[in-house]
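Below: one structure, written as structure tokens.
The values are calculated or read from the model by the stated rules, or taken from the named source; none is laboratory data. For clarity, every value in this text was computed on a predicted model and none was experimentally measured. Cβ: placed from backbone, ideal geometry, glycine included. Neighbour counts: every protein chain shown. The protein model used for the area step is the full one, side chains on, heavy atoms only, and it has no ligands, DNA or RNA in it. Shrake-Rupley method; radii C 1.70, N 1.55, O 1.52, S 1.80 Å.
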Amino acid sequence: MIFGAGFSGLNFNIVSSISYKRGEKTMGKVSWPRSTFSLMLIFILALAACGNDDALEEPTDDPDTATEESEESDASTEESADEGADESANTDGEAEPAETEPQVTDFEPAFPEQTRAPEVVTEAELDVEVVVEDLGVSWGMEEFDTNRLLVTQRDSAELLIVNLEDRSVSDPIEGTPEVNNEDQGGLLDVTIAPDFDESRLVFLTFSQDIEGGTVTSVGKGALSEDETSLEDFEVIFQATPAYDGTLHYGGRIIFDDEENLFLTTGERSDDPIRERAQDLDAYLGKVIYITQDGEPVDTNPFIEDEDALDGIYSYGHRNTQGVDFHPETGDLWIVEFGPQAGDELNIIEPGNNYGWPVVSYGIEYTGELINEGISEHEAQGFVEPRYYWDPTSAPSGMSFYDNDAIPEWENNLFIGGLAPNYIVRVIIEDDIIVGEERLLTEEGERFRDILVTEDGALIASTDGGLIYRITGAGEGE
Ligand SMILES: [Ca+2]
């Protein structure tokens, strides 16, 4: 089973040091029924063939779509907890990786620190609280005012305002776009213009029906002063070509210091459309760099290339749902959702090719090799990922901890895991991943997006409709 949650004795220590502040309703929901259900599932899973997650992936593709495997991964979590404890007992002086599940591929890393980083454990005592519940899949979040978030609802296509202080949730903001909300589609990410205080501009990504299929689109509108509507919403960019499918939209957006917008797109999943990730005449499987009007930035790497689309910044990506700038280096880091294993952390440089689907550290969900089964990127002329996961971490949204409220977290990267269900903390030194931790492993939630507030709270949204706030103990109120 690939959905190990990387439990170890150390993880248990952390989790037990976390003090929970949850409503009674939520506590009841998470505790007994789930573990009882998990025990039943252990028996069921024991009957199934190990190491093959076909059942978890079908009928669509990756764990991003599935809605039932979070329960199943709970079961494997409990199993792996026992295994992890056994392994930890055999200490040989070497730091054990955070990952305790076996690899699903036979691939070797290109350099030793490229996967299975040693486990690290947060020493600070943490407060973990559920601020809001009963939302839908909260795909994107942005702090537009101190402790107030704009939050997208993927399936209902609603844009909401969540107040972290009084825990209120607004009525849906009017004027948001029509979306195609099948499978992985819907209202996706949200960000605000660098001059939001004056312009009031809110940028949204969403999957849109156009002639020939669906595309990942970017639009913008001005938030009214009374915060009830987006005015004059207009689509500024469509990641063409359209494709008749409802998977792998990518869809993260982030502004840089130049006040331009980076957008990630997916390669639409299916074979052969996914091969368009390698093509410079398609916006699929790309990082795209555009102005606030949706025009290619005039320094883009392929602007002089007659055969290439001017908005392309980098290519050869699979399905990128997490982006952020490293607080110290300023580099743009992304996390790509891999196939079965092979999720990648990459540093994005203009014009570079990151290899998908020619090379990958993952394999098909069927267990077959991808292309010729070559994992090494650099030897084939592609950029090596800085890090990859095998088995999968099912990475979605991510954020660097650009704050000193929890000093040991400063400049660490936090990534939401969909299946297995945890938040990944990654420690980076000189662009090398030197440590990894899994947080909130016992919650059983699919963590969709991660945000760090100006106050230094780590905010995590889930597919189960929760918004968590994680702070240093005593700082939450
Ligand atoms: Ca790659």
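The table for this structure:
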item	result
Efficiency of FRET between Asp166 and Ile432 - r from beta-carbon atoms, R0 45 angstrom, step 0.05	0.60
Nearest-10 value in Å² for the accessible area of Asp226, using the 1.4 Å probe	100
Charge dipole (debye, nearest 20) of region 102-206; +1 at Cβ of Lys and Arg, -1 at Cβ of Asp and Glu	220
Between region 408-432 and region 255-291, the Cα center-to-center distance that results, in Å	24
Region 213-323 - Rg (one decimal) and Dmax (whole number), Cα, Å	14.4, 47
Rounded, prolate or oblate (a/c below 1.5 giving rounded, otherwise prolate when a/b exceeds b/c) for region 363-477 by Cα gyration tensor	oblate
Ellipsoid equivalent to region 410-477 - semi-axes via the Cα gyration tensor, in Å	19, 17, 10
For region 374-414, size of Cβ-based charge dipole, Lys and Arg +1, Asp and Glu -1, in debye	160
D_trans [Stokes-Einstein, Kirkwood Rh over alpha-carbon pairs] for region 285-332, 25 °C, 0.890 mPa s, µm² s⁻¹	205
Relative packing of 173-182, 446-455, which averages over residues the other C-beta atoms within 10 Å, highest first	446-455, 173-182
Overall form of region 322-370 per C-alpha gyration tensor (a/c, 1.5; a/b vs b/c)	prolate
Calculated FRET value between Ala110 and Asp305, using beta carbons and R₀ = 41 Å, to 0.05	0.90
Gain upon complete extension [Thr228, Glu182; 0.36 nm per residue less C-alpha separation]	13.9 nm
Net charge contributed by nearby residues that have their C-beta within less than 14 Å of Asp171 (K/R +1, D/E -1)	-4
Relative contact order for region 371-431, counting Cα pairs under 8 Å that sit 6 or more residues apart, in percent	24
Relative contact order for region 94-189, counting Cα pairs under 8 Å that sit 6 or more residues apart, in percent	20
Relative contact order of region 250-384, defined on C-alpha pairs under 8 angstrom at six or more residues apart (%)	18
Additional length obtainable on full extension of the chain from Glu372 to Glu295, 0.36 nm per residue less Cα span	24.0 nm
Segments 258-267, 124-133, 161-170 sorted - mean Cβ within 10 Å per residue, highest first	258-267, 124-133, 161-170
Amide H contacts under 5 Å for Gly397, placed H, 5+ residues apart	Gly416, Asp449, Ile450
Glu258-Glu349 pseudo-label distance in nm [points 7 Å out on the Cα-to-Cβ vector]	1.7
Potential lengthening between Glu211 and Gln238 on full extension [0.36 nm per residue; Cα-Cα distance subtracted]	8.5 nm
Using a Förster distance of 56 Å, the FRET efficiency for Glu328-Asp271 (Cβ separation, nearest 0.05)	0.90
Table column - 3J(HN,Hα) (Hz), region 313-323, Karplus curve with 6.51, -1.76, 1.60, x for Gly and Pro	10, 8, 8, x, 9, 8, 8, 9, 10, x, 9
